[in-house]
Amino acid sequence: MFDLIVRGGDVLDGTGAAARRLDVGVRDGVIAALEPSLDAEAHVVVDATGRVVTPGFVDVHSHYDGQATWDEVLEPSTPHGVTTLLTGNCGVGFAPVRPDGHRALIELMEGVEDIPGAALWEGMTWGWESYAEYLDLLEGRRWSVDVGTQLAHGPVRNYVMGERSDGPSTPDDIEQMSTIVRVAIEAGAFGFSTSRTLGHKSVNGAPVPGTYAADDELQALGRAVAAAGGANFEVAGSGLAPSDDPVITAHELDWIGRLADATGLTTTFILLQCDDAPTRWRDELAAAAAWRGRGAPVLPLVAGRPFGVLWTWAVRHPFSARPSYRAVAHLPVPERLEQLRRPEVKAAILAEDDEYRDFLEQRHGERVGRTLAKCFAMVGRPDYEQPPDATLGARAERLGISPWELAYDELLADGALLLLPLYNYSDGDHDALYEQLQDPAAILGLNDGGAHSMTICDASIPTYLLTHWVRDRTRGPRIELADAVRRLTSQPADLYGLTDRGRVSVGLRADLNVIDTANLQLGMPVPVADLPAGGTRMLQGATGYDATIVAGEITRRDGVDTGARPGRLLRR
């Protein structure tokens, strides 16, 4: 007698091997049998005829550090086949923290990851100081997925250095930080993360603590991770923003490689194509490969699609600071749209000053007028690989109107969004992304679930990989389904030593997806005001996931959360 049988599906086991028609028998949360046909009874049977059965997806880059303290479902990641999440990325997090240090960490998370501070203030349940106490609190939580954590550099520096945290550290500071790192890894943190990009700032404009950390500090913290039995050191490196110092950027892979070489830690770095240096990523890939050739495990974390900003009337858009827009901004969206469709309102808004600096300009140093011309409209379906002649600038020129007027008109369509690709789209296609994904060491690791909640929804990248990259792409090469599944399962699981998952194999956890790959579809991002304090976030659903199973329990059925909460805190 099995607890659950997934019957009649084509099993992709997560290794990259071809699919096999197998029944999967589950008992006590573990895969107990894999047979061409299981002639046995089960409490629950999932008919997978005509479907693909995969391991549950492992997402190594999310920012649910605060959300995990109040939310059990952990959307927007969980609608996309994710069964394991890793938090604590990009050098930001919420532990350790002194009793008077909450504000600094919330402002840091809000500034770097664009999570509404009011939602964090209202939703988070504090009650810890040390990292071990933070893990103990999470130990008592229940989720629809498993959650693992990493220790972030920012909170550690804040805890030890206080108001000096964005300056140079002393030998005593480094010793105290190293002790915190060792204790956190011993308590169960999977690794350590730091940020070096100047584009990462607190809401008060201060850089992430650790941005300017000297080599002796970084190497000491790496040694502390290794000494405590950790295995991972993640870097959001210099070069991810136009403001980053090019001299520092040129040497970034040097200290990363030396750290990996000296400690044996698997050291990962974020790899993006930036418009100011659109071929630099190739040099970074080559440098990482050279380090690996010397035995130092340096791996790039890559994205599955362009990283950018979504604009809509309901959240953020390029007209928000104009007086005639502010006069109607208080109205519910349907009534606001009625007003915005009036010719005299449109004329007034378009005639008003556009010389304001919004968050985009502050971060990237570009005027909205210039960035607007690079935007694409998304209406009806999410298209992230549109040709250059589909930009608002190119279309507006053909129409003989301004990009501002075209943007205004496009935003009036029901459910319409404007997409501004900031990274990975310098060439107007996905070819650079494809080349990055072909690197044998590249990890799909920039989904950012829970972050940038009002401007992106990249937590849907797993579904994008299976739809656009595997099935639908027309502007270049595609990726084989078995390899796409490997990238979502065994490869990231192996990166973090999660040897009990990431494959469909007898004796491993029964984390599974049953997917109608022929009809799998990604929905449009939709703004939803469901965060604490009424905060808004972008959610992006999908159809085609018949079932998502965590530890043998069905957590989502036909895209709907079932209420099952088998997810637990993972400790390394």
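Here is a yes/no grid of residues against (1) at positive phi; (2) open to solvent by less than 30 Å² (accessible area, probe 1.4 Å):
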| site | (1), (2) |
| --- | --- |
| 518 | no, no |
| 527 | no, no |
| 531 | no, yes |
| 538 | no, yes |
| 551 | yes, yes |
| 555 | no, yes |
| 558 | yes, no |
| 563 | yes, no |
| 567 | no, yes |
Residues within region 453-486 that are under 22 Å from residue 537 (Cβ atoms) and assigned to a loop (DSSP other than H, G, I, E, B), tallied: 5
Residue in region 433-443 that is in contact with a helix residue (DSSP H, G or I) (Cβ under 9 Å, 6 or more places away or on another chain) and either more than 30 Å from residue 266 (Cβ to Cβ) or among the basic types (Lys, Arg) (or both) present: no
Search result, residues across region 26-48 that are loosely packed, with under 15 Cβ neighbours inside 10 Å, in contact with a Lys or Arg (Cβ under 9 Å, 6 or more places away or on another chain), of a type outside the set (S, T, N, Q) and farther than 18 Å from residue 546 by Cα: 36
Residue in region 353-360 that is modelled with pLDDT of 95 or more, open to solvent by less than 40 Å² (accessible area, probe 1.4 Å) and touching a Leu at 6+ places or on another chain (Cβ under 8 Å) present: no
Breaking point among (1) closer than 28 Å to residue 297 by Cβ; (2) in contact with a strand residue (DSSP E or B) (Cβ under 9 Å, 6 or more places away or on another chain); (3) not in a helix (DSSP H, G or I); (4) not small (Gly, Ala, Ser), for residue 548: (1)
Enumeration of residues in region 1-48 that are under 32 Å from the mean Cα position of the chain (by Cα) and on the phi > 0 side of the Ramachandran plot: 14, 16, 28, 29
Flag for residue 175 being part of a helix (DSSP H, G or I) and at pLDDT below 95: no
Which listed residue, of 499, 463, 489, is β-branched (Val, Ile, Thr), surrounded by fewer than 23 Cβ atoms within 10 Å (Cβ to Cβ) and on the phi < 0 side of the Ramachandran plot: 499
Helices (runs of 4 or more DSSP H) enclosed by region 371-449 - at least 2 residues per element that are in contact (Cβ under 8 Å) with a residue 24 or more places away in the chain and open to solvent by 10 Å² or more (accessible area, probe 1.4 Å): 403-411, 431-438
Members of region 551-567 that are of a type outside the set (Val, Ile, Thr), under 20 Å from residue 503 (Cβ atoms) and in a strand (DSSP E or B): 553, 567
Output for region 49-65, where each listed residue is among the hydroxyl-bearing types (Ser, Thr, Tyr) and open to solvent by less than 20 Å² (accessible area, probe 1.4 Å): 54, 62, 64
Conditions (1) charged (D, E, K, R); (2) at negative phi; (3) out of contact with any strand residue (DSSP E or B) (no Cβ under 9 Å at 6 or more places or on another chain); number of the one not met by residue 139: (3)
Members of region 466-485 that are touching a residue at least 60 places away in the same chain (Cβ under 8 Å), surrounded by 20 or more Cβ atoms within 10 Å (Cβ to Cβ) and within 26 Å of residue 289 (Cβ to Cβ): 469, 485
Residue ranges of helices (runs of 4 or more DSSP H) in region 228-343 with at least 2 members open to solvent by 20 Å² or more (accessible area, probe 1.4 Å) and either in contact with a strand residue (DSSP E or B) (Cβ under 9 Å, 6 or more places away or on another chain) or at pLDDT 95 or above (or both): 246-263, 280-293, 333-340
Residue, nearest to the chain's Cα centre (by Cα), within region 513-541, restricted to residues that are of a type in the set (D, E, K, R) and farther than 22 Å from residue 472 by Cα: 537
The listed residue being surrounded by fewer than 16 Cβ atoms within 10 Å (Cβ to Cβ) and in contact with a helix residue (DSSP H, G or I) (Cβ under 8 Å, 6 or more places away or on another chain), out of 104, 18, 68: 18
Residue within region 91-102 that is among the acidic types (Asp, Glu) and more than 20 Å from residue 539 (Cβ to Cβ) present: yes
Which numbered condition residue 89 misses (of (1) under 21 Å from residue 61 (Cα atoms); (2) at pLDDT below 95): (2)
Residues located in region 532-561, provided they are under 18 Å from residue 147 (Cβ atoms) and of a type in the set (Ser, Thr, Tyr): 548, 555
Top-ranked residue in region 29-67 [being of a type in the set (Asp, Glu) and not in a loop (DSSP other than H, G, I, E, B); ranked as nearest to residue 498 (Cα to Cα)]: 59
Residue within region 74-84 that is closer than 15 Å to residue 189 by Cα, of a type in the set (A, V, I, L, M) and open to solvent by less than 10 Å² (accessible area, probe 1.4 Å) present: no
Condition check for residue 36: closer than 30 Å to residue 448 by Cβ and not small (Gly, Ala, Ser): no
Residue in region 201-220 that is at pLDDT below 95, basic (Lys, Arg) and buried (at least 23 other Cβ atoms within 10 Å of the Cβ) present: no
Residue pairs meeting the criteria (Cβ under 8 Å; at least 6 apart or on separate chains; first free of Cβ contacts under 8 Å to residues at least 24 places away in the same chain, in region 327-346; second part of a helix (DSSP H, G or I) and small (Gly, Ala, Ser)): 345/324
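The values are calculated or read from the model by the stated rules, or taken from the named source; none is laboratory data. Everything quoted here is computed from the prediction, not taken from an experiment. Note that each Cβ is placed from the backbone with ideal geometry, even for glycine, and that neighbours are counted across all protein chains shown. Ligands, DNA and RNA are excluded from the accessible area calculation, which covers all protein heavy atoms including side chains. Shrake-Rupley method; radii C 1.70, N 1.55, O 1.52, S 1.80 Å.
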